[in-house]
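Notes follow once the structure below has been shown.
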Amino acid sequence: MRDGVHSLRGLHAVRSFSMLPFFRPSVSQQRFRTARNLSSPAPPASDTGPAALLALARDVLNTEIAGLEAVRDRFPSDAPGDAPLVRALGLLAACTGRVVVTGIGKSGLVGRKLAATFSSTGTPAFFLHPVEGAHGDLGSLRKDDVIIAISNSGETVELNAILPALKSLGASLIAMTGREDSTLGRMADVTLNAGVPREACPHGLAPTASTTAVLALGDALAVCLMQLKSFTEKDFLRYHPGGSLGQRLRLNVSEVMRTEGLPLLPETSLQGEALRELDQGKLGAVLLLDAERRVSGILTDGDVRRAVCRGALRPDASVKAIMTAAPRCGSRGDTVATLLELMESKSITVLPIVDEERHLLGMVHMHDLLGQGSIVFSRH
């Protein structure tokens, strides 16, 4: 009997809760859900065999790909400078505060991921739950912040309830929504249309393709901001000290450099000898040493191509005529992060490691620094 009383009380509570305007779907939400239901017919419940399930899985993936393509096509590469995506990036790049991402339900979960992505790639950000914001957490916002509000319908009651307060703070508002003409879309300073043709859910109810589209669009913003802010691997290390790449970037070069089987020749060698060593060395470079085993030059694939173009490649001539003399070198005290930044900035693939007097200690390839395994160049 007691359980029955509790069940009745719970039922009355749910009914009473649903009577509150805050928890009832708006007319526009109801229309939006109806449209989604009509756009995605449910498959027969009996289709549970392996072939049918694989076909359904492929259809889901194709639906999500179609959604991504629809979003991509709204942002052509030849779009004008005042295109929504460009304007949104301008606001985010110029932000002197934090990027605040907000949303409810699945949009909120995607928003948490996007806030984490922004923070880890050089754009300080955090997630704000709209309901918590309505109960005091708006006090953490400042006018120099940029708000990214996510809602597929653009009519999420809990989110839209705090929009006037957000606008009154003076913060810029970017909307990511499937409906530009929605309440959220109209109130935003910039609206990014993340709408998809249909959801992958067979009933058109569970956010699937729409959340994938928002996630990808958010990643596009984050990566573009990395480019605008010249975010490097060294910066990545600063924000990822515990990650596998972060740990590798902290290593000393002596822990990753090659010391055996290096492609080496005396600087007095002929070009033909150097070419054979270059072919057999599988690193794309040959180091040239003087009589004291100091690095005096390097011959790379690029040096050979340039020699061919200017007609200077002669197998019986000195390699000094085509090598790069006094090449850049790393030292044994350098970290992987330091050398990675050097090699990327100077477009260097292979780097000798030397002591204070340029005596050879070892050699590193870009892939060694990134931990991507051994290097094998095709001979074909």
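Values in this text are rule-based calculations from the coordinates and carry no lab data. It should be emphasised that the depicted structure is a prediction, and the values quoted were computed from it without experimental measurement. Cβ atoms come from the backbone with ideal geometry, glycine included; neighbour counts cover every protein chain shown.
Laid out as a table, the results:
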{"read-out": "Neighbour-count ranking [beta-carbon atoms within 10 angstrom, fewest first] of 290, 235, 82", "value": "82, 290, 235"}
{"read-out": "Ordering of 303-312, 64-73 by packing [mean C-beta count within 10 Å, highest first]", "value": "64-73, 303-312"}
{"read-out": "Cut-off under 5 Å, modelled amide H: who pairs with residue 173 long-range", "value": "147, 189, 190"}
{"read-out": "Label-point gap, in nm, between residue 292 and residue 367 - each point 7 angstrom along Cα→Cβ", "value": "3.5"}
{"read-out": "Cβ-based net charge around residue 91, under 15 Å, with every Lys or Arg adding one and every Asp or Glu removing one", "value": "+2"}
{"read-out": "Packing-based ranking, highest mean first, of 51-60, 153-162 given that Cβ atoms within 10 Å are counted", "value": "153-162, 51-60"}
{"read-out": "Exposure proxy order (Cβ contacts within 10 Å, fewest to most) of 187, 176, 257", "value": "187, 257, 176"}
{"read-out": "Nearest-20 debye value, the range 186-297 charge dipole, Cβ charges on Lys, Arg, Asp, Glu", "value": "440"}
{"read-out": "Rh (Kirkwood; distinct C-alpha pairs) - the range 278-332, Å", "value": "12.0"}
{"read-out": "Bridge type composition, the range 253-370 - antiparallel percent by DSSP, nearest 5", "value": "75"}
{"read-out": "Least to most buried among 296, 168 (fewest other Cβ within 10 Å first)", "value": "168, 296"}
{"read-out": "Counted charge near residue 193, where neighbours are those whose Cβ lies closer than 9 Å (Asp, Glu -1; Lys, Arg +1)", "value": "+1"}
{"read-out": "Radius, Kirkwood style, for the range 253-370 when every pair of distinct Cα atoms is counted (Å)", "value": "14.3"}
{"read-out": "DSSP beta bridges in the range 101-178 [antiparallel fraction, %, rounded to 5]", "value": "0"}
{"read-out": "Charge dipole of the range 109-191 about the Cα centre (unit charges at C-beta), most positive-ward option of 172, 135, 118", "value": "118"}
